[in-house]
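**Student:** Got a structure for you, questions after.
The values are calculated or read from the model by the stated rules, or taken from the named source; none is laboratory data. Since we're looking at a predicted model, the values are computed, not measured. Using ideal geometry, Cβ is built from the backbone for each residue, glycine included, and neighbour counts are taken over all protein chains shown. What goes into the accessible areas is simple: the full protein's heavy atoms, side chains included, and nothing from ligands, DNA or RNA. Shrake-Rupley method; radii C 1.70, N 1.55, O 1.52, S 1.80 Å.
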Amino acid sequence: MRNPVMLSAGILGLSAPLLRRVYESGAGAVVTKSIGSRPRSGHPNPTVVAVDCGLLNSMGLPNPGVDEFSEEVRSLKRWGVTVVASIFGEEAEEYVEVAEKLSEAGADALEINCSCPNVREVGLLGQDPGMVEEVTRAVKGAVDVPVFTKLTPNVTRIGEVARAAERGGADGVTAINTLRAMAVDVETCRPILSNVTGGLSGPAIKPVALRCVWEVAESVEIPVIGCGGILTWRDAVEFLLCGASAVQVGTAIMYRGLGVFQEIIQGIEAYLRRKGFGGVEEVVGRAHGAA
Ligand code: RRO
């Protein structure tokens, strides 16, 4: 990666031209929307609602299926984009099928999504350390590229789930996916999302995400990728201090546009200079007293 600020999964992640635009706006790598073995239309509308402190979604894993999406990955690689393919399944075999096809198409790394809050089968998997270990081990055994496992905050002890991913051979863990939440409309007197509940992203979840990154960093030796409510360079540095080696940015695009990547990268560089740090690695985990 040319810098440690990536696009997170789920935002602008279904088409190669859009992902290329994000990369060209400065992201160090782009993570795709989560891809499964077959096409899937997702939940009926409404699937997204802006709430006062972030974005609530219940997309329901819409994606064109791995065979069609492999073409998007091939295009991205022709254009020189660093691509992390996000994958999901209902069991280890399905994850392996998708992992093999997308790494074959040229994905530089894979992110195992076992943490979607909106599809029961996938979300439950990520709450079970045994399943997280099994899926991670199966995917690692099937591909040569680095594998990250993305964790859900919707558990009591996220450090235990991170350790399970590490035992399964993960090269890193991403923390966190969205937080289960809901919104209600006072005029219709009904929940706003068709699926009733959804996943909350954006500024509201940043303190939760920081706590999760802190606990995960204390639990594993492998790198942690921080994600959840990063809008500014200052937010990104907070994640680095808590133990993240890289960060992902998604919902911030809604607030600040694609210029957000350059703003955050240049802000981190200015911070390193002002504080006299030789590089990002001198900041990673420093709040733990480690650096
Ligand atoms: O598609 C979704 O509903 C979705 C997914 Br896969 C995920 O991982 N996180 C999220 O908030 N929404």
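**Student:** Starting from the Kirkwood radius over alpha-carbon pairs of segment 147-233, derive D by Stokes-Einstein at 4 °C in a medium of 1.567 mPa s and give it in µm² s⁻¹.
**Tutor:** 93 µm²/s
**Student:** Largest first and in whole Å, what are the equivalent-ellipsoid semi-axes of the chain based on the Cα gyration tensor, each being the root of 5 times an eigenvalue?
**Tutor:** Output for the chain: semi-axes of 26, 23, 20 Å.
**Student:** Find the relative contact order for segment 134-282 and round it to a whole percent, using C-alpha pairs within less than 8 Å whose residues are 6+ positions apart.
**Tutor:** 19 percent
**Student:** What FRET efficiency would be calculated for the residue pair residue 40, residue 288, taking the C-beta separation as r and a Förster radius of 35 Å, to the nearest 0.05?
**Tutor:** Efficiency computed from Cβ-Cβ geometry: 0.30.
**Student:** Cα convex hull of segment 189-259: how many Å³ per residue?
**Tutor:** Details: hull volume 8.4 nm³, N = 71.
Taking only Cα atoms, segment 189-259 has a hull volume of 119 Å³ per residue.
**Student:** How much accessible area does residue 254 have with a 1.4 Å probe, in Å² rounded to the nearest 10?
**Tutor:** Only protein atoms counted, so the area is about 100 Å².
**Student:** Given R₀ = 25 Å, FRET efficiency for residue 182-residue 128 by Cβ-Cβ distance, to 0.05?
**Tutor:** Once rounded, the FRET efficiency stands at 0.60.
**Student:** Could you compute how fast segment 97-196 diffuses translationally, taking Rh as the Kirkwood radius over C-alpha pairs and applying Stokes-Einstein at 20 °C with viscosity 1.002 mPa s? Give it in µm² per second. Present the calculation step by step, with values, prior to reporting the outcome.
**Tutor:** Values: Rh = 14.5 Å.
The estimated diffusion coefficient comes to 148 µm²/s.
**Student:** Once neighbouring chains are kept in place and the probe is 1.4 Å, which whole percent of the accessible area of segment 198-291 is contributed by carbon and sulfur?
**Tutor:** Carbon with sulfur: 51 percent of the solvent-accessible area.
**Student:** Using a 1.4 Å probe and counting only protein heavy atoms, arrange 171, 67 so the residue with the most accessible area comes first.
**Tutor:** 67, 171
**Student:** Moving on to the next point. Where only protein heavy atoms count, and the probe is 1.4 Å, what is the accessible area per residue for the chain in Å²?
**Tutor:** 41 Å²
**Student:** Measure off 7 Å from each Cα along the Cα-to-Cβ vector at residue 48 and residue 197, then give the distance between these two points in nanometres to one decimal.
**Tutor:** So the two model labels end up 2.2 nm from each other.
**Student:** Apply 1/(1 + (r/R0)^6) to the Cβ-Cβ distance of residue 262 and residue 78, taking R0 = 25 Å, and write down the FRET efficiency to the nearest 0.05.
**Tutor:** 0.55
**Student:** Could you order 53, 242 by accessible surface area, starting with the largest, using a probe radius of 1.4 Å?
**Tutor:** 53, 242
**Student:** Could you list log10 I(q)/I(0) for segment 127-174 at q = 0.15, 0.24, 0.28 Å⁻¹, which the Debye formula gives when each Cα is one point scatterer?
**Tutor:** -0.31, -0.76, -0.99
**Student:** Quick check: at a probe of 1.4 Å, how many percent of the accessible area of segment 1-60 sits on carbon and sulfur atoms?
**Tutor:** After summing per-atom areas, the C and S share lands at 55 percent.
**Student:** Considering only DSSP states other than H, G, I, E and B, which trypsin sites (Lys or Arg not before Pro) in segment 1-90 qualify as loop sites with at most 12 other Cβ atoms within 10 Å?
**Tutor:** Within segment 1-90, the qualifying trypsin sites (Lys or Arg not before Pro) (loop, at most 12 other Cβ atoms within 10 Å) are 2.
**Student:** Which whole-number percent gives the relative contact order of the chain, counting Cα pairs below 8 Å spaced six or more residues apart?
**Tutor:** Relative CO of the chain lands at 17 percent.
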